[in-house]
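What follows is a short report on a single structure.
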Amino acid sequence: MVRRPPVRRVRGCPGHPCRGHTRHAHGAGGGKRLHSLHGYFLRPVFAGNPVVYDIEPLKDGRTFGVHRVDATQDGANAFTMTCSFTADVTASAERPVYEYELAPTAGDEPGGDHQPPRPGDGGFDPQLGPGPCEQMWLGPTPTRADGTMASTHRAWIRIGAPLPDDAALHAAFLGFFSDMTGFGGRPLLLDDPDGSHGIGGMISLDHAVWFHRPARADEWLFFDVHSLVNTGGRGTLRGTLRDLQGRLVASLAQEMMLIPPSS
């Protein structure tokens with residue numbers, strides 16, 4: 001078991017645990033790139049107190065490896081995950097495949113003529129935050145008659161400053177982005193006027209990410225989230241990150257606890 005040095009996270013930014021855990025896991029990957037992670041949020045992580053990472057290799061093969069990462073703070077388990085690492089085949093061995101799109105990106109609905117703004121377009125006005133991010137929120141697709149949406153959260157996102165050519169750092173920030181699903185975990189609006197259909201908040205429970213190809217976190221990525229089901233006080237969503245060329249960079253699935261509105 002490898003003891004990693006403590007790191008800190010900033011309060012109020014839910015993606016920071018994913019970034020820190022991914023960064024430490026990647027450092028133990030033995031030269032392979034991060035392929036996937038499956039994590040469970042056990043307790044909140046607070047700013048100002050060190051987080052200690054224990055990394056245990058479960059398998060270290062020639063082209064594939066699996067590690068377990070446990071994070072503790074103040075002696076209590078805060079996060080646990082398994083992560084896999086891969087040695088990619090050469091580019092010449094890659095074959096074209098169909099890459100599924102969650103919702104139309106050329107318009108808000110099939111056949112729609114509205115084009116969401118892209119980086120460089122007029123009206124593209126990104127905002128800073130949280131942390132080092134720049135984001136251009138596009139919001140969900142229009143609400144259907146039953147209150148659901150084809151896409152429950154869409155945004156362009158990147159790190160707002162140039163980053164070094166460090167694959168582990170870029171993968172860590174992609175892990176950071178993957179937990180920033182906005183209000184994408186519900187098919188009904190949180191701010192329903194009479195509170196009859198809304199929810200009071202969401203807490204991440206478990207999180208899975210698949211890193212399909214390397215990407216730079218300091219270049220614009222399109223984040224598209226789709227809520228699948230809300231039942232039993234839980235919500236499950238899936239999402240994709242695509243680069244400016246439309247290539248699928250990463251995909252994710254997440255389950256959250258849905259907190260009812262206060263009475």
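The values are calculated or read from the model by the stated rules, or taken from the named source; none is laboratory data. All figures in this text were calculated on a predicted structure; none of them were measured in a lab. Reconstructed Cβ throughout: ideal geometry from the backbone, glycine too, with neighbour counts over all protein chains shown.
List of remarks:
- Scanning segment 207-241 for residues that are touching a residue at least 60 places away in the same chain (Cβ under 8 Å), of a type in the set (D, E, K, R) and either outside any loop (DSSP other than H, G, I, E, B) or not assigned by TED's automatic domain parsing to the domain that holds W156 (or both) returns D224, R238.
- Taking the criterion of being within 24 Å of L237 (Cα to Cα) and free of Cβ contacts under 8 Å to residues at least 24 places away in the same chain, the only residue of segment 125-134 that qualifies is G129.
- Matching residues in segment 242-263 - criterion: being assigned to a loop (DSSP other than H, G, I, E, B) and of a type in the set (A, V, I, L, M, F, W, C): L244
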